[in-house]
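Reading through the structure tokens given below for one structure.
The values are calculated or read from the model by the stated rules, or taken from the named source; none is laboratory data. Computed from a predicted structure; not experimentally measured. No Cβ is skipped: glycine too gets one built from the backbone with ideal geometry, and neighbour counts run over all protein chains shown. Keep in mind that these areas ignore ligands, DNA and RNA; they rest on the heavy atoms of the full protein, side chains included. Shrake-Rupley method; radii C 1.70, N 1.55, O 1.52, S 1.80 Å.
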Amino acid sequence: MKKTRKLFQNIVITTVVAWLVLFVFMPNLMIIITSFLTRDDANLIQMVFTLDNYTRLFDPLYAQVLLHSINMALAATLCCLVIGYPFAFILARLPKRMQPLLLFLLIVPFWTNSLIRIYGLKIFLSTRGYLNEFLLWAGIINEPMRIMYTSSAVVLGLVYILLPFMVMPLYSSIEKLDKPLLEAARDLGANRLQTFLRIVIPLTMPGIIAGCLLVMLPAMGLFYVSDLLGGAKNLLIGNVIKSQFLNIRDWPFGAATSICLTLVMGLLLLVYYRVGKMMNKKVELE
């Protein structure tokens with residue numbers, strides 16, 4: 001029996017390792033190698049080593065796209081935090097029998113492809129869409145607003161897609177709050193605002209950081225949101241990578257850009273790890 005179990009474990013481990021090597025390690029290794037090669041119009045890449053693909057990233061044009069992408073990702077993350085924190089807080093304080101239903105409703109949108117949902121949002125926000133028709137009917141505006149093909153539309157689309165990624169870690173952190181600490185704060189004379197700022201926020205900071213990372217990291221790569229809602233003037237870094245591979249056919253520069261984006265994401269994850277470690281030490285000292 002033990003031999004059979006050990007054999008099964010070895011097969012599972014070997015299968016998982018082989019899958020990771022074949023579909024994770026090898027593609028990433030190919031991207032890294034390609035980023036140091038030269039573009040060739042006939043064969044896509046030429047086996048000539050160069051660092052020009054990385055030096056091109058410092059071109060003001062691509063630097064501006066990167067900064068614009070980071071700004072929109074930060075705006076979307078802040079909006080998700082402002083909307084998601086109160087929602088997660090209220091959700092965690094509701095009766096236990098109601099929480100599964102609301103969590104289910106939060107997850108239901110994942111059952112529909114995000115691209116289809118962005119098309120639906122595009123129809124909703126268009127000049128003749130339902131939003132403008134309602135505002136005109138209510139007398140709030142006199143003429144249709146132009147929402148599409150603006151940076152606001154891109155941020156709205158990112159929030160629409162990524163809000164659940166903010167709510168889930170916040171809900172997990174808020175649900176684990178130690179209620180005796182909140183009661184002790186009230187007994188010591190702290191008002192609700194002081195309790196929230198000095199106890200609730202620090203204790204839920206890991207959830208806040210995790211939610212911000214889960215929103216910000218993918219926000220910079222959701223190129224189809226920018227394509228459908230933002231137009232040519234509101235590009236994300238993912239749009240640059242997509243156009244380099246599919247349109248311009250400059251695979252080495254597209255690979256270098258994707259490596260740069262991966263490094264930025266890794267740096268943010270390192271920041272999350274460091275901050276989480278500092279928060280744990282602070283809690284242990286207290």
Yes or no: residue 160 of a type outside the set (A, V, I, L, M), open to solvent by 70 Å² or more (accessible area, probe 1.4 Å) and either modelled with pLDDT under 85 or closer than 25 Å to residue 121 by Cα (or both)?
yes
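Condition check: surrounded by fewer than 19 Cβ atoms within 10 Å (Cβ to Cβ), within 13 Å of the chain's Cα centre (by Cα) and among the aliphatic types (A, V, I, L, M). Does residue 216 satisfy that?
Values: surrounded by fewer than 19 Cβ atoms within 10 Å (Cβ to Cβ): no; within 13 Å of the chain's Cα centre (by Cα): yes; among the aliphatic types (A, V, I, L, M): yes.
Here the answer is no, as residue 216 does not meet what is asked.
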Condition test on residue 192, is it charged (D, E, K, R) and under 21 Å from the mean Cα position of the chain (by Cα)?
no
Segment 11-35 residues that are part of a helix (DSSP H, G or I), paired with ones that are open to solvent by 70 Å² or more (accessible area, probe 1.4 Å) (beta carbon under 6 Å, 6 or more apart):
34/251
Going residue by residue through segment 152-164, is there one that turns out to be in contact with a Phe, Trp or Tyr (Cβ under 8 Å, 6 or more places away or on another chain), in the same structural domain as residue 116 (by the TED database), in contact (Cβ under 8 Å) with a residue 12 or more places away in the chain and not polar (S, T, N, Q)?
yes
So in segment 1-19, with the set limited to residues that are at pLDDT below 90 and open to solvent by less than 90 Å² (accessible area, probe 1.4 Å), which one is farthest from the chain's Cα centre (by Cα)?
10
Out of all the residues in segment 175-200, which are surrounded by 13 or more Cβ atoms within 10 Å (Cβ to Cβ) and not in a helix (DSSP H, G or I)?
177, 190
Filter segment 241-262 for residues that are out of contact with any Ser or Thr (no Cβ under 7 Å at 6 or more places or on another chain), surrounded by fewer than 22 Cβ atoms within 10 Å (Cβ to Cβ) and part of a helix (DSSP H, G or I) and give the result.
242, 243, 245, 246, 260, 261, 262
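Residues checked against (1) surrounded by 15 or more Cβ atoms within 10 Å (Cβ to Cβ); (2) in a helix (DSSP H, G or I):
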site: 82; (1), (2): no, yes
site: 96; (1), (2): no, no
site: 109; (1), (2): no, yes
site: 118; (1), (2): yes, yes
site: 121; (1), (2): yes, yes
Of the residues that make up segment 201-208, is at least one in the same structural domain as residue 277 (by the TED database), over 22 Å from the mean Cα position of the chain (by Cα) and surrounded by fewer than 15 Cβ atoms within 10 Å (Cβ to Cβ)?
yes
It is to be established whether one or more residues within segment 44-64 are at pLDDT 90 or above, part of a helix (DSSP H, G or I) and within 22 Å of residue 218 (Cβ to Cβ).
no
What are the residues in segment 223-240 that are surrounded by 21 or more Cβ atoms within 10 Å (Cβ to Cβ) and either among the hydrophobic types (A, V, I, L, M, F, W, C) or part of a helix (DSSP H, G or I) (or both), if any?
225, 226, 229, 230, 235, 236, 237, 238, 239, 240
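Filter segment 62-80 for residues that are free of Cβ contacts under 8 Å to residues at least 60 places away in the same chain and open to solvent by less than 90 Å² (accessible area, probe 1.4 Å) and give the result.
Taking segment 62-80 and keeping what is free of Cβ contacts under 8 Å to residues at least 60 places away in the same chain, we get 63-64, 67, 71, 78.
Result: 63, single match.
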